[in-house]
């Protein structure tokens, strides 16, 4: 019974994968991806690509200059992840 | 200005590979690797879209990807801690043995 | 002043979020203190203090948002304004969700004082509960897709481990791993939908996306975006066929965590789906697919709930069915539909929270989850069973409980849009769901079996919380004006005030 379920599950998975590959290839080839099609006036945030040497520095400066909120939240996610691993790996003694 | 189509094809292949890995593989660590592949497909799509303005680079997706990498890593770390706990109970990491919770 | 200016000028976060994040940061230090100084119950006291402070700060936030002319408040950190920087955009809907989170969080904190008494690793438990509430508050307040994603991962990470908390037995571990695998995959799909959205508009800010993408006609790439969003948000909010983690995860979690998960986490997933769909697409586009999903969710969950023999698993399937009713409101897309959805979010958090907490008391005392073995426990634990009855009546939608009011508004809105078949199916499902609730109720008042005879009533904090929630459900059912008006303001903030929302950012 469980062997039949495994083969059925594999067949469904293969069908889903083939279907999604066909769908995605139709989408990519026939319909153009509307790159920045609905973009407003956002050109000021772009960095010129020409001086190749400084590119890494200017892109990472963007992270600190404009995304401090997400970095702060990410610090709390890291604290939460450490607490999660502690909770999972500490021995579970009956009564603390 | 890089051509976008090869990158879209690569993203689609990675997404499908990750999804298949998640659904078919019986080893728990490989399921976690499948999840990681799917996250990296989304990151690749972000980076390849940042090059599409002619002569310029958009630094916004690069910062998004840098933060998404960290978040993805934490999820995988907690997943591995859970795999260790599963091993302690079931003495195997075959996900087909985890069928005691039915219906 | 709601914004708390900490280290230097410009470090300001919304007050509920500050309270929860820093409360969660200090909780491990309190736990360390507990081992050195040996003050009993200091961790529980800190958790209850943080929950009360959260409720007070949500009230302050509500006053501040109400005082503004457009009723939208934008908060940024270090002066880095949108569209390049992340922001918090707080309107009445965000305050409504934060209020729901704060109310149920406080009740669960008081409950878990006596439920989790004898467990180990209590420091981590309370820290993770605080971080889960912080993540949910952050999702409600976010104004930018990436800020939403970071708080989404915070909420998800804490909930994976809280499901697998009682790792002595194999059930929670198996349920936790299944939940993690499905939810992390959904996170990847969510990130993919954000990438496609960025590719089309060049930004991830809510207001800018609403200004540029909503008015356009639908292309095939937008349909891909729609399906990625449904998968990404739908796993967390338990839409059929992506719901398969929920019937395993919610019974195996400890009871206060089941109440938080069923009452808040899946509704926050639904809030994320509502906000994202509403800001990206025109309601006419997603009316039919969401209606089909609503019918599937309601029907499958109600049929499967009838087959369950485990009380908490039946309540988990009932949660999926209630999400189906809320999807009816989403597919309507009008102010009335959204009012029903958000009112049902708040009422469901109270009712399902009470159901899980009361059945948690039963399980805690009787040490079994099987409905047949719990036969007659209503006669030895009268108060808890009475509150469980009230919760079941509310979930079924009996008049004079708050569940009736929100379901009435939901099905009314479906008729108002013209989807009369959706309303008929919803009413039929709601009536059908009383069948499995009545079965449990019948079992509870039968003759006590031998196993049940010697049991006493549950400890005082658990009973007190259950009675308080039952009283709240009946009060909000008989006098629904306050919550219904607040839900209407929240719905108007989403549907009717979209121009104000956009104008505040774009200037």
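Inspect all residues belonging to the range C:409-431 and state whether any of them is assigned to a helix (DSSP H, G or I) and farther than 21 Å from residue C:341 by Cα. No - not one qualifying residue is present in the range C:409-431. Restricting the range C:83-93 to residues that are assigned to a loop (DSSP other than H, G, I, E, B) and closer than 21 Å to residue C:135 by Cα, which is farthest from the other protein chains (Cβ to nearest Cβ)? Top of the filtered list is C:91.
Summed over the range B:21-33, the residues that are more than 8 Å from chain C (Cβ to nearest Cβ) and either closer than 15 Å to residue C:187 by Cα or part of a strand (DSSP E or B) (or both) give a count of 2.
Scan the range C:160-173 residue by residue and report those that are within 7 Å of chain B (Cβ to nearest Cβ) and at pLDDT 90 or above. Across the range C:160-173, the qualifying residues are C:160, C:161, C:164, C:173.
The lone criterion from (1) within 7 Å of another protein chain (Cβ to nearest Cβ); (2) at pLDDT 90 or above; (3) under 14 Å from the mean Cα position of the chain (by Cα) left unmet by residue B:36 is number (1).
Residues of the range C:274-330 being over 21 Å from residue C:393 (Cα atoms) and touching a strand residue (DSSP E or B) at 6+ places or on another chain (Cβ under 8 Å), which ones? Within the range C:274-330, no residue meets the criteria. Restricted to the range B:42-59, and to residues there that are assigned to a helix (DSSP H, G or I) and more than 7 Å from chain C (Cβ to nearest Cβ), the residue that is surrounded by the fewest Cβ atoms within 10 Å (Cβ to Cβ) is B:47.
Among the residues of the range C:168-180, are any within 17 Å of residue C:232 (Cα to Cα), more than 18 Å from the chain's Cα centre (by Cα) and surrounded by fewer than 24 Cβ atoms within 10 Å (Cβ to Cβ)? Yes, the range C:168-180 contains at least one residue that is within 17 Å of residue C:232 (Cα to Cα), more than 18 Å from the chain's Cα centre (by Cα) and surrounded by fewer than 24 Cβ atoms within 10 Å (Cβ to Cβ). Report yes if some residue within the range B:66-89 is more than 9 Å from chain C (Cβ to nearest Cβ), part of a helix (DSSP H, G or I), out of contact with any helix residue (DSSP H, G or I) (no Cβ under 8 Å at 6 or more places or on another chain) and on the phi < 0 side of the Ramachandran plot; otherwise report no. Yes, that holds for at least one residue.
Can you name every residue in the range A:33-54 that is at pLDDT 70 or above and more than 9 Å from chain B (Cβ to nearest Cβ)? Correct list: A:34, A:53, A:54. If you go through the range A:74-95 and keep only what is part of a helix (DSSP H, G or I), facing chain C (nearest Cβ under 7 Å) and over 20 Å from residue C:136 (Cβ atoms), you end up with A:86, A:88.
Evaluated against (1) crowded, with 24+ Cβ neighbours inside 10 Å; (2) over 23 Å from residue B:32 (Cβ atoms); (3) in contact with a strand residue (DSSP E or B) (Cβ under 9 Å, 6 or more places away or on another chain), residue C:202 falls short on exactly one condition, (3). Only one of the numbered conditions (1) more than 30 Å from residue C:144 (Cβ to Cβ); (2) in contact with a helix residue (DSSP H, G or I) (Cβ under 7 Å, 6 or more places away or on another chain); (3) surrounded by fewer than 17 Cβ atoms within 10 Å (Cβ to Cβ) is not met by residue C:32, and that is (2). Here the condition is being at pLDDT 85 or above and either loosely packed, with under 15 Cβ neighbours inside 10 Å or on the phi > 0 side of the Ramachandran plot (or both); of C:405, C:471, C:467, C:398, it holds for C:471 alone.
Pairs meeting the criteria (first residue in the range C:21-32 and within 11 Å of chain A (Cβ to nearest Cβ), second residue part of a helix (DSSP H, G or I) and surrounded by fewer than 20 Cβ atoms within 10 Å (Cβ to Cβ), beta carbons under 7 Å, at least 6 apart or on different chains) are C:25/A:79. Among the numbered conditions (1) within 24 Å of residue C:144 (Cα to Cα); (2) crowded, with 17+ Cβ neighbours inside 10 Å, tell me where residue B:69 comes up short. The number of the failed condition is (2). Within the range C:267-303, being within 14 Å of chain B (Cβ to nearest Cβ), in contact (Cβ under 8 Å) with a residue 40 or more places away in the chain and surrounded by fewer than 22 Cβ atoms within 10 Å (Cβ to Cβ) holds for one residue alone: C:300. Whether a residue is surrounded by fewer than 21 Cβ atoms within 10 Å (Cβ to Cβ), closer than 26 Å to residue B:15 by Cα and in contact (Cβ under 8 Å) with a residue 40 or more places away in the chain was assessed, and residue C:241 passes this test. Considering each of C:180, C:157 in turn, give the residue that is within 9 Å of chain A (Cβ to nearest Cβ) and more than 30 Å from residue C:471 (Cβ to Cβ). After applying the criteria, what remains is C:157. Taken over the range C:105-145, the criterion of being in a helix (DSSP H, G or I) and touching a strand residue (DSSP E or B) at 6+ places or on another chain (Cβ under 9 Å) is satisfied by C:138, C:140, C:141, C:145. Within the range C:188-226, restricting attention to residues that are more than 7 Å from every other protein chain (Cβ to nearest Cβ) and under 30 Å from residue B:87 (Cβ atoms), the residue that is nearest to the chain's Cα centre (by Cα) is C:190. Can you tell me how many residues in the range C:455-481 are free of Cβ contacts under 8 Å to residues at least 12 places away in the same chain and outside any helix (DSSP H, G or I)? Residues meeting the conditions: 1.
The values are calculated or read from the model by the stated rules, or taken from the named source; none is laboratory data. Please read all numbers here as calculations on a predicted model, not as lab measurements. Glycine also receives a Cβ, built like all others from the backbone with ideal geometry; neighbour counts cover every protein chain displayed.
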